[in-house]
Each structure stands twice: as C-alpha cells, then as structure tokens.
Amino acid sequence: MESTTPVLLLIVALPLAGSLITAANRNRWKEGTLARVASTAVALSFAATLVALGLQGGAGGVLRFPLVTWGPAGGFELSLGLLGDSISLWWALVVTGVGFLIHVYSSGYMHGDPGFGRYYAKLNYFVFAMSLLVLSDNYVGLLIGWANVGLASFMLIGFWNQRAEAAAAAMKAFVMNVIGEIGLILGTLLLIVHAGSAEFDTVFAAVRSAEPALVTSVGLLFLVAAVAKSAQLPLHTWLPDAMQGPTPVSALIHAATMVTAGVYLVVRSAPIYLASETAALTVAYVGGLSALFGAVVALRQPDIKKVLAFSTMSQVGYMMMAAGAGAYTAAMFHFMTHAFFKAALFLAAGIVIHYLGGEQDIRRMGSLRERLPVVYWLALFSVLALAGAPPLAGFFSKEEILHGVKDAGLTGLWILGVAVAGLTAWYMFRLFSLVFLGAAQPAGKGRREGADENVESRMEMVIPVGVLTALSVVGGWISIPGLTALPEKYLLPALQRVADVPVHRAVWSTDALLVTAVAAAGAVFALSLYGAKGSWRRQEVAARGEPGGPLYNGFYLDALYRTAVVRPTVAVSSWVGRRMDPEGVDGIVHGIAGAVKLLGRALASWHAGLVRSYVFTIVLGVVGVLAYILLAVQ
Amino acid sequence: MPEVDVSFQVIARALTLVVAAVLVLIVDLILPSRLVRRPVAWISALGIGLAGWYTYSLWVQVTPAGAGPVWNVTAADVSTAWTAFLGAISADGLGLAFGGIILAAALAGVAMSVRRREDDVSGYYSLLLLAAAGMMLLAAGTSLLTIFVSLELLSLALYVLVGFRRRDPRGKEGAFKYLILGSVASGILLYGFALLYGSVGSVWLSDFQAYWYAHGAHGMTPLYRAGLALTVVGFAFKMAVVPFHAWAPDAYQGAPASISGFMAVGTKAASLAALIRLLSVALPAAELGAVVWPLTVLAALSMFVGSILATVQSNMKRLMAYSSIAHAGYLLMALPGLSQQGIAAAAFYSLAYLFMTVGAFAIIVWLGDAPESGSEMARYESLFYRRPYLAGALTLFLLALAGTPATAGFVGKVLLVRNAMEFGGWLLVAALAVTTGISAYAYLRVVLVMIRRPAAAQVVEGAAWHEAAAAEDPDQGEEEARELGTPWPLAVVVIVAAAATIYLGLFPQGAIAALSSLLPV
Amino acid sequence: MSLSVQGYLLLSAVISAIGLLGLLVRRNPLIMLMSVELMWGGGALAFIAFARHVGNMDGHAFAFFAMIVAAAEVAIGLALVVALFRGREAVDIDDIQLLKG
C-alpha cells in the first residue's frame, strides 16, 4: 500500500517555483503574464494532487517522498519527508483547488495595484507553505510549514503597508502566531524526547506506551498552537483585524485554508487526543465556546468582512468541537464545505466592495439585488449553504458534526451547537438582507469614487465565485448518509492506520429536522428584522437619524421576540463584542505587550550609562554567585 | 620534569595570526600610506586563512580518533605531540571547533572593514588579528596562565578597537566603560585563579584531575568553591551574561559595526570554550550542579533582560548587543549535564550565531555606519523599497536570530532545548520559550520598520526612532555609504552568511556530526 | 616569625576589596584606574602567597604576567581618559553618558 513518488514534491515545489519566478519578474512582466504564471503554478499543483490521488490506490494507501535526513548525529535523528495519505491529500486538494480559483479571481481584484507582482509572489508562497504543512510526514516539517504560512499571512495582511492599521494588524497576527508556535515547538520537542523521532508513525506508536501526563501536556500544547492559528478563544482577536488584507487573501488564508491548520493539527494528532481524554475534551469545549462566541459577535458587526471573519471563527469552532469529540471525518468534511462557501462569500463580498468603491459598511449598502443580480444569486446560495439549508453542503457537514458530538455524549455541546446553527442563519441573513435587499442606504451615498460599475462583467472574478457556489451546493452530496458517505470511506482508513478511531457513521436522524428548524427560525427572524421593511434594519441603518416609527412591524411576533430573544442577545452580543472583546481578551494581549514594553523601559533606566552603577551590579552578581556556590548544599 | 615540547602545529593556529599582525605593521612602515590599505587587508586575510588551514589539518588528524587526544587533558597527554609548552595549550576538539568559528568571525571582521576610512589602517588590522589570536589561545588554553593571558590579549586589543574611530566620542566612551568594567572582571578572575591555584597547587589543568583523584568529594573546600565562583564570574562577564553584561550595549554601539560583529561572536565562542573546558576539568560530574545551577539562573535572566530590552531599542547595534546578551543565555543551556551532546549543541549554536550575527552586522556596515546616526533604526525605514535584497537578507538574519524554523537558529535552539530537557533544565526551557516570543517581537519591529512606507511613519505611535531621526540628518550615513561604494568582500560576507543560515537550517546533520566527532567524552 | 598564608590571603582580600570599593565611590576616572590596579595587586599578592605555600613557581610566574598585563591595561586606560576628557573642565566618570538605554 505504500509507495514512493516524487509527485508529492511537485505539489509543494510548483507554487514555490511560481513564487520565485513572479517575485523575480514582478517589475518586468505585465499583470496578465504574472497572474497567468502564478495561477498556472497552482493549477499544476492541483493537477499533481489529483495524480497523487490516483497513485494512492484507495483510501488506505500511503504515498511517501523522503526529502532530508538529519543523520543520527549528536543523538539527534530526524528525517523530513512528504506524506500523502488520505488526510494530507484531502487537505492538499482543497488548498490547491480553492487556491487556484482565488488566484484567478485575484487577477481581477488586484488589477491596477502597484504591488501586483509582489502580491502574486506572496500568494504563491502561501500555497507552497500550506501544502508543505499538510504534506509533511513529521512534526518538524509541519512546524516549518506552520511558521511559513504564518509569515505569508503576516506579509499579506500587511500587504497595503502604507496603512498603519494594516501594519499593526499584521504584527498582531504574527505575535499571536508566535505564541502558538511556541506551543507547537514545545509539544514537538516533548515528542522527540519521548519517541526519539518526530515522524508521525513513530510518534504515534510511542504514544501508546507514554505516560498520560506527557500525552496530555503535548495535547494541550498543540491546542495552544491550534487556538492561535485557528483564531479560537482566547487568541482570536487577530482574525477580525486581519481583514485589513486584500479580500482574496481573506478568502484563501483567513477563511478557507490557513485558519483550519489548527483543525488539521488536531486531526493529524488524533492518536494523541484519543490517548488523552482531558486534552480532547478541552479541544471540544474551546471549539464549542468559540463557535458560540463568533456567532454572537457576528450578529452586530457593521463591516461586511468582519461579519465573515467572526463567522469563520465560529465555523472553525465547529470543526474543533467535532475533532475534540472524536468525529474527525466530520471535522474534515466541514473543513471542505466551509472552504467552498466561505471562500465564495468572501469573493462575492470582494465584488461588492469593488462595485461600491471600497465601501465595507453594510449599513451603507442595500438594494444591490437589482444592481448586482448575478452576485445576488451566487451569494444567496452560499449563504444558504452556510446557514445549513438542505440539501446544500453546509447542511450535511454540520449535521455530521452535531451527530458526532451527540454520539460522544457531549449533550451540552450539542445543545450549544444547535443554538449556534440558529445564530448562524440569523447573522448571515442579516448580512444578506442589509447588502442586497431594501433600498440603497442612504440614498446616493452607497457609491464612492473609484467604484467599478462593470465589475459583474469581469469574468475572472465572477466565474470563481460561481464555481465555488456550485461546489457549495453540490459539495455536500458526497456525504449523503447511507448513500455516498464518501468522506467516511476515504478518510477513516487513514486514521485507523495509526489509531483506534471511534467510528461515527453519518446517519439520518430526526435531529436533522430540529437543527434545520432552528436554522430556519434564525433565517426568518433575520429576514423579518432586516428585510426591506424590517425595523431593526431601519434602526441600524439610521444609526444617527431619528428612530423609526414605534413598532412598525410586519411580523407579528416581532415585539415579543425582540424583548425575549433579540434584546438579551443583542445586549449580550454588544456587551461581549464591545467590552469583553477589545478590553478583555484583546486587553490581555495588549496588556502583555504593554507590560513587556514598560518592563523594557524600566530596565533601560537601569542601563543609564553610569559606569559606577554597572560596577555595583557586577558586585551584586559576584556576591550572589559566590554565596550560592559557597553555601550550596550537596 | 618533562622536557619542553613545542609542537609547532599546535600553536601555529594562533602564531600565524600574530605573525600576520606584525607583518601588517611592517608593511605600513614600508609602503606609502595611500597604498597601504589593500595589501594590509590581504595580509590579514591570508594570515587568518593560514591559521584556518592549520586548524583544518589538526582537525583531520584529531577527528578519525576516538583515539585522538581527549580535550579533557590528563597528565599522560602532556608529553604527547598534541600539546605545546608543557600542556599550556593543547589541540583538542573543543579548541578546534570553537577556533574555527573564531577564525571565521575574524575573517568576516576583516572583510567588513575594507571600507574603513581611518588613517591608521594597519593598527586596526593588527589589533583585530591580535584579538583573534587571543581568542584562539583562550579556546585552546589548558593552563590557568594561558587562559588569563590570552583573555587579556583579546580584551586589550578590543578595548582599543572599540574606541578606534577618531572624532567619535561614543566610541571612546564605550571603550572606556568596557575597559573599566573589563578590568574589574579580570581582577575578579585573577583572584579566582589565585584561589584555585592555592587549592590545587598548580596552574595546569592536567593537575586538576589529579587533585580530584586524590581528594574525592573532599576537594570541594570553601577556598576551592570561592575560586570557582570568581572564575565563573570572570567568564560570564566576557560572555555578557546578566548581571555582568552592562558593558556590552555601550561597547557594541560605540564600536565600528565590523568590530561589534567580530567581538560578539569571537569573544563569546572563546569564553564559552574556556568555561566548558574549565568546568569539565575542575569539577567531577557529581559536583557540577553547584556551579551549573547559579549559571542556569543567570542564563535565564540573560534571556529575559536581553530580549526585553531589545524591544525598546532604536539603534541597530544596540539591539544586536541586547540580542547577544540573550544569546549568551541560550549558549549557557549547554552546561547542564556538560555532555558531549550538549557541548556539540553549544558549538552548533555558536556556528549558527556566527552566520546570523555577522550577516546582520555586515548589512549594518553596508548601509553606512557613521558614528552619530549611522545605525539608527530610523534609517532602515522603507528599506524594502530602496534596497530590497539587503532588506530581505537582514530579515532572514533577524528571523534566524528569533529562531524561525528552516533557519540555523531554529535547529540550534532545538538542540539546546533537547539537551536542557534531558538534564532537567526546565527553567531554561521555559525561559527560552517565553523569550523567543519576546525577541520575535523585537526583531519583527525592525522588519516592520523596513516594510513601512515613509508616509505611514508618522501614524505609528511610540516611534522613538522617528524622533531620533528628526533630530539628526538621516541621510548622512546613506550618503557616506554611497560615496564609498560596495566592496565585494562585504557582499561575499552577506551572501555566505545568508546561504549558511539557510543551509544549516535545512541540512544541519553534517555540521552536527562534524562537531560531535570533535568532542569525544 | 613570618606571616602564615592566611595572613597574606587576608591582606590580599582587603586590598582587592579596597580596589572594588574605590570603583564604587570614586568618580575620577584616574582614581578608578588606580582602584583597578589595587584589585589586580590583591590578586597577584594572593598568587605569591600561595606560591610560597604550595612551594612551586607557578604562582610567581602568574604574578609577573598579571603585573605586565596590568601595565598594558593602564596604558590603554590612560590614553582613553585623555581622549575622553580632553577639553572638559571636570574629570568625572558620571559625565560620560552618551550611550545608554
């Protein structure tokens, strides 16, 4: 079942080559050439992934390609190689596939930007780093990819570096990423010390005989890494800020692929989490709480990209919850469907933003249904897919996750997950209504200079959205319980190769009706509140104008609903959003940075340049060392 | 009384450097002063190259051993060909490994200096060579006397070099502070050596083993302990370990950047080699903890102080100085257990540190290192748009210093952490983890300055460097740099350093194997 | 009767301590250099005392080397003092503070 093939190397190397070529010619070539070269590199990488899929020879097959061997020198033995099992290839397929579509889209979105070539070089570099991350056969290689996607993310968030906020956001993302990296490094080191190797198979074999404390420590350290990378509580604050980057970047890195690297880490480390219930449960609860938090905060965001960012946090929370509960295939399935519809939504948002000349405030939008009919329909299907409407992709994957969580006996998390499904539909339809329905708000101000009237005729932008939307519609059908169940058949053998994974079969259950009903309720509420004549719509849009007439409401339950559900939720939402987010969690991070700086200044005053105080310090040091060595108890 | 056996090969490593230093001075006497610059640089480089060749030939003879001389010199080895002057200097793997690093740093120092405009070129180069000779002897010395004298040889030469630039009050100030504090440290070291000598009755390291053999655990007398403590302090000072570090920022900032880079690497490598040798000879394994524990605390302190203070610097050389303080802490992680693996890790990290630091300093030189504002961070603003390759290279070196994977710095840290974990140095591991985060911020700050376009500069708050830039003419150094052009040796240093940083990050096994084979236990 | 090695040792420690104290309290760089010399002198004395005690020449040799190196050190120190304080009215170590932070 195992075979060696250089095709794996091609998947990784092609985008790297593309990156180097575009970087070298970024000032020489025309836009079209640059975009074509970069996109071709990723397309070939995608093709190589398909070839690898063919060579794999069935679900349990494993492809390998050795890269470097750090000999057994200094008691340190490591070999770095590439691994193509079902999990890796699944991820690689999405990374290169969605990556290719976004490369194509970018040629329209970034058209005319002075940094066009630079942009493509970085985007290609990201695809290289991400495929290295998912194709490595050991934790050190994974770590190298992990650090490089962080670097790519840093460079692309700060792409428009003449904006101070973009530079600050890039820095924030990077620092949080480093926190996670430290967790990953320490966890990897623990594994190397214990197993004498960082190679997955060896490590997992050794985990069976390891002390529980060690396994739990590794699991929790990896969780720190996953939390930082996947924008989960409490290290999520970089993600909304990261929206400073170009929109296709948000779609590729901060929605479809990089933020799911944490999920990949947990899934890949399944044997570790199966051996430590504490670590696994922590993952599940962190994921569940992040799902709730993201959904609640998304309810009141005025920025189109930030709604999507919090939604991403929430959806990745679902994946984490599933992975923590042991429903690994569900997590991976949702990763794929989420990549489709969230990328589609981001790219659609990019078209809207271009059309409006850079406007991102959804309260200033509205009525785009008439003006952008194609995007309207595409966005509608993507929103439905995300909200979990049957038979679109989100329905199946969310269903599988909730089923897995319930199966694992985590009823509390299951209830939470169902509630989040309702909230998801709510915030997505709020977004959808404010952007596409109703009248242009406020009249005439929805346009800005530099607006692109003909954006819908830019095929290189519309077609990728169309493809992704189509995938959001049909993508779920690969896992119709009892009928196709492809993720299960394809992914489970790879997991079972290294551990005794509990099997959560996707099945039809009456719960599906409940979840769908909750989501539908959320959607209906949102449509009624934010629809063309919704009262909440008026209030939000006329944030500075007079409040609309008292309780003009086409929906009868509105008043009751508002006092019983909306008000508390909104109150909590704004409280959480306003207080806890910037001042609490974010405050801690800022606090740490501030404390380090303050400490730095305090220490600097000690280094005031006075020789005699330096001598005094030396004397203190001598006394200390002397005292210890003289008095040390043997 | 064994007969005096001067094994030429053993001392040739340092001797060629001294000869080259003298030749440089003679050439200056013969040639008219405007013609001196080139020949003098070539003589220096050739001298270092020859020293390197002698190091290599010794290396080849020592390596295939297991049978070769053990760096832990015993009385039996004294009369063999592997030592010189009754065993005052020996050709062991430790000295060879660190000696190679020192020579590379010296060569880079010469290459980085070719643009200097000082009148006294020959004095500059000869002092650089003498400092390198001192470092070589320090790394190879197996007698307290050799260690002391070579330590002073390198220190005296560096005091002068730090203050070498005329009309630069900062250089003089840094040099004087360095001299006063260095003399205090040397005085403490001298007293510590006296106490050790009083206890053991000999200054030859080979006799220390006999002492322990004779006394066993009773050898740990208060006198001996005190001597050991003072000795350790002396070396800690040279390595710029907190709280004996205060000289480093001032000396690094005041010195020409070429010298800062050379001394950061060379002094550290030489002192570390001497400290390792002394500790492994002067203490039986059972007693090691008494000395290693306080050093562990100081190492952790160094990591914290170095990386925290690096975050608030506005001068590149000063930032590198604090970085070097933090790295002194990392290097001390080799001490717990004092195993072959740990020492190999320290040697590897020194090698990595050589490339990362020399590379960074070479770029500081390249961009113009004028006395007043040359290395201010404000001058690096938007460097990515003006000099993309230089900015990229500097980014690489800074990322490597921060320990980013796929660079030499990462592999070095992994090796050190592994060693510390094995021997229970959890404090060190925790300190390394936290300070890696802090220092990533410090280095990334520089990268951000280089990425930022000038227009955005005003917006970012707390930009202390901006005020500094407003006070002085920011283009003065740049102009100077342009005027002087870019000599090829500087480019070679940057390219080699960058290539090595990446190569060692991806394919470290060759270097690790070579270093390990040099260090049999 | 000659002093025991302890006596010499005590004396050398006192001399070194006086040197160290001088560095802490005196602000004149010249006197600081002298204080450094005192510290070194204390070390050299300890070496000679021990040389008598253990009965070999190592310590004597060491003391000689220490004195030679100390002379070189002071020569450099004095040169730097001249370079630093030329043109200043008072010679005060606390005045040189360009480098800090």
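Could you look at chain A and say what percent of its accessible area is carbon and sulfur, using a 1.4 Å probe and all protein chains? Intermediate results must be reported in sequence, preceding the final value.
Working: 14460 of 21480 Å².
Looking at chain A in its full context, I get 67 percent from C and S.
If each of A:PHE616 and A:SER509 carries a label point 7 Å out from its Cα toward its Cβ, how far apart are those two points in nm?
Going by the 7 Å Cα→Cβ label model, 7.0 nm.
Just checking the output field for B:149-156: average partner chain Cβ neighbours within 10 Å of each residue's Cβ? Walk me through the numbers before you get to the answer.
Numbers: counts 5, 0, 1, 7, 2, 0, 4, 5.
Per residue, the average neighbour count from other chains is 3.
How far, in degrees from 0 to 90, does helix B:37-62 lean away from the longest principal axis of the Cα atoms of chain B, to the nearest 10?
Taking the Cα atoms of chain B, the angle to B:37-62 is about 40 degrees.
Could you give the nm distance between label points at A:ALA213 and A:VAL524, where each point is 7 Å from its Cα heading toward the beta carbon?
Between A:ALA213 and A:VAL524, the simple spin-label model gives 5.6 nm.
Residue by residue through B:166-177, how many Cβ atoms from other chains fall within 10 Å of the Cβ on average?
Working: counts 1, 0, 2, 5, 3, 4, 10, 11, 4, 6, 14, 10.
Mean partner-chain Cβ count within 10 Å for B:166-177: 6.
Could you pull the accessible area for B:GLU381 with a 1.4 Å probe, rounded to 10 Å²?
20
Near B:ALA433, within a Cβ-to-Cβ distance under 12 Å, what is the net charge of the other residues, with Lys and Arg +1 and Asp and Glu -1?
Once positives and negatives cancel, what remains is 0.
Return the calculated 222 nm mean residue ellipticity for chain B, to the nearest 500 deg cm²/dmol, obtained by summing -39500 (n - 2.57) across DSSP H runs with n ≥ 4 and dividing by the residue count.
Result for chain B: -24500 deg cm²/dmol, rounded to the nearest 500.
For region C:5-95, what does the alpha-carbon gyration tensor say about shape, rounded, prolate or oblate, given a ≥ b ≥ c as the root eigenvalues, a/c under 1.5 as rounded, and a/b over b/c as prolate?
Since a/c reaches 1.5 but b/c is at least a/b, the shape of region C:5-95 is classed as oblate.
What distance in nm separates the two pseudo spin-label positions at B:SER33 and A:THR278, each 7 Å out from Cα along the beta-carbon direction?
Here the modelled spin labels are 7.3 nm apart.
For B:ALA210 and A:MET459, what does the FRET efficiency come to when R0 = 56 Å and r is the distance between their Cβ atoms, rounded to the nearest 0.05?
Approximately 0.05, to the nearest 0.05.
Helix B:257-282 versus the longest principal axis of chain B: what is the Cα-based angle in degrees, 0 to 90, to the nearest 10?
20
Computed FRET efficiency, Cβ-Cβ of B:ARG167 and A:ALA632, R0 51 Å: what is it to the nearest 0.05?
My answer for the efficiency is 0.50.
Expressed in nm to one decimal, what extension gain is obtained for the pair A:TRP477 and A:TRP377 from 0.36 nm per residue of sequence separation less their Cα-Cα distance?
Contour length minus the Cα-Cα distance gives 33.9 nm.
I'd like the orientation of helix A:611-631 relative to chain A: the angle between its Cα long axis and the longest Cα principal axis, in ° from 0 to 90, rounded to 10.
Taking Cα atoms only, the helix is inclined about 60 degrees.
What does the convex hull of the Cα atoms come to per residue for region A:161-275, in Å³?
On the way: hull volume 11.2 nm³, N = 115.
Dividing the Cα hull volume of region A:161-275 by its residue count gives 97 Å³.
Suppose only helical runs count, i.e. DSSP H with n ≥ 4. What mean residue ellipticity at 222 nm does that imply for chain A under -39500 (n - 2.57) per run, divided by all residues and rounded to the nearest 500 deg cm²/dmol?
Theoretical 222 nm ellipticity from helices: -22500 deg cm²/dmol.
Computed on alpha carbon atoms, what radius of gyration and Dmax characterise chain B, expressed in Å?
22.1, 76
Within 10 Å of each Cβ in B:194-204, how many Cβ atoms from other chains are there, averaged over the peptide?
6
Once you have the Cα-Cα distance between B:TRP53 and B:TYR385, take 0.36 nm times their residue separation minus that, and quote the gain in nm to one decimal.
Values: separation 332, 0.36 × 332 = 119.52 nm, distance 4.16 nm.
Additional length available on full extension: 115.4 nm.
Percent relative contact order of chain A, based on C-alpha pairs within less than 8 angstrom and at least six residues apart?
It comes to 12 percent, rounded to a whole number.
In debye, nearest 20: dipole of region C:5-95 around its Cα centre with unit charges on the Cβ of K, R (+) and D, E (-)?
Once rounded to the nearest 20, the dipole reads 140 debye.
Nearest 5 percent is fine: what portion of the DSSP beta bridges confined to the protein assembly as shown is antiparallel?
Of all bridge pairs located within the protein assembly as shown, approximately 85 percent are antiparallel.
Holding the Cα-Cα limit at 31 Å, pick out from A:LYS229/B:LYS268; B:LYS238/C:LYS100; A:LYS342/A:LYS406 the pairs that are longer than that.
Values: A:LYS229/B:LYS268 37 Å; B:LYS238/C:LYS100 19 Å; A:LYS342/A:LYS406 25 Å.
Correct reply: A:LYS229/B:LYS268.
Would you mind getting me the FRET efficiency between A:HIS111 and A:LEU67? Use the beta-carbon distance for r and R0 = 60 Å, nearest 0.05.
About 0.95, to the nearest 0.05.
Let me check something: with ligands and nucleic acids excluded, how do A:ARG430, A:ARG371, A:ARG118, B:ARG38 order by accessible area (1.4 Å probe), largest to smallest?
B:ARG38, A:ARG371, A:ARG118, A:ARG430
Sort A:ILE478, B:ILE325, B:ILE11 by accessible area with a 1.4 Å probe, largest first. Walk me through the numbers on the way to the answer.
On the way: A:ILE478 45, B:ILE325 0, B:ILE11 20 Å².
Greatest to least solvent exposure: A:ILE478, B:ILE11, B:ILE325.
Quick one: if you take sqrt(5λ) for each eigenvalue of the C-alpha gyration tensor of chain A, what semi-axes come out, biggest first, whole angstrom?
39, 31, 27
Per residue and in cubic angstrom, what volume does the convex hull of the Cα atoms of the protein assembly as shown have?
It is 178 Å³ per residue.
Nearest 20 debye, what's the magnitude of the dipole of the protein assembly as shown about its Cα centre given +1 on Lys and Arg Cβ and -1 on Asp and Glu Cβ? Write out the running numbers ahead of the final one.
On the way: 75 positive and 69 negative charges, 458 e Å.
In total the dipole reaches around 2200 debye.
The values are calculated or read from the model by the stated rules, or taken from the named source; none is laboratory data. The shown structure was predicted, so the numbers you read here are calculated from the model rather than taken from an experiment. Counting neighbours? That spans all protein chains shown, and the Cβs are built from the backbone with ideal geometry, glycine included. Surface areas here come from the heavy atoms of the whole protein model, side chains and all, with no ligands, DNA or RNA. Shrake-Rupley method; radii C 1.70, N 1.55, O 1.52, S 1.80 Å.
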